[in-house]
Amino acid sequence: MSPELISILVLAVVFVIATTRSINMGALAFAAAFAVGTLVADLDADGIFAGFPGDLFVVLVGVTYLFAIARSNGTTDWLVHASIRLVRGRVALIPWVMFALTGALTAIGAVSPAAVAIVAPIALSFAARYGISPLLMGALVVHGAQAGGFSPISIYGSIVNGIVEREKLPGNEVTLFLASLFANLVIAGVVFVVCGGLRLWRQDSPAKGAGDAPQGRGAAIDLRLPPRGRDQPQRRDTGTTTAP
């Protein structure tokens, strides 16, 4: 068996183990790289380290660190609240606002699963409240994540553009980003039409039901889970007994 095929098989095993077990994929891949390098490719430590893409690693750390800062300083929460306020009275715009919101999160450095995990609960709550197809809402959230996934400062865009530059291949960062954006925008438009999005334009305002919160900032707050213990009744021990 050739070293190339062995490397691919080992990489597949690393993905399977890291997915099914609580083991860091990077640490496991480092160990696998040394095992394959020394036992299969006859490389020493210097040769193995020479193949490590240090420049790409620094870029990925910087991108993920940027998103971590945006997450901790409240930028992503502000973006969610501002996006939700835009949908007041316009049911048909709710899926597209979620599409744009997820795309913005991945464009500034969030990995696609993280962006979807942030937006999907809010989007599906709106879908249940206003009678929007969950399939439509979920598809637009996912395609929104992919639409922004190849921006020049995103993780996927950084990886692809870094490899293209290192290998001296022809490429353009803006073209890559716009190609992904427009492709997913077209797919989202088709899903919007097929899954009943056109009927939403006939709804001038969201369907109101009992207990609906007012639109605006309060709607965003209502979509959050209550703090742990808030929904549990408080028990008070008065220390007294009732005589028969």
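Odds and ends about this structure:
- Accessible-area rank, largest first, for ILE118, ILE23: ILE23, ILE118, with all protein chains present and a 1.4 angstrom probe.
- Modelled this way, with points 7 Å down the Cα-to-C-beta line, the labels at VAL16 and ILE69 are 4.1 nm from one another.
- Across the protein chains, with a 1.4 Å probe defining accessible surface, the residues LEU181, LEU86, LEU43 rank LEU86, LEU43, LEU181 from largest area downward.
- Table column - 3J(HN,Hα) (Hz), the range 173-186, Karplus curve with 6.51, -1.76, 1.60, x for Gly and Pro: 5, 5, 4, 4, 5, 5, 4, 5, 4, 5, 4, 6, 5, 5
- Accessible surface, 1.4 Å probe, highest first, among residues VAL194, VAL63, VAL174: VAL194, VAL174, VAL63
- Computed 3J(HN,Hα) for the range 41-52, one whole-Hz value per residue from the Karplus formula 6.51 cos²θ - 1.76 cosθ + 1.60 where θ = phi - 60°, is 8, 6, 9, 8, 4, 4, x, 5, 5, 5, x, 7, glycine and proline marked x.
- Extension gain for VAL174-ILE8 works out to 56.6 nm (0.36 nm per residue, less the C-alpha to C-alpha distance).
- Heavy atoms of ILE17: accessible area, 1.4 Å probe, square angstrom to 10: 60
- With 0.36 nm allotted per residue and the present C-alpha distance subtracted, the ARG202-ALA82 stretch has 40.8 nm of extension available.
The values are calculated or read from the model by the stated rules, or taken from the named source; none is laboratory data. None of these values were measured; they are calculated from a predicted model. Neighbour counts run over all protein chains shown; Cβ positions are idealised from the backbone, glycine included. Accessible surface is based on the protein model in full, side chains and every heavy atom, while ligands, DNA and RNA are left aside. Shrake-Rupley method; radii C 1.70, N 1.55, O 1.52, S 1.80 Å.
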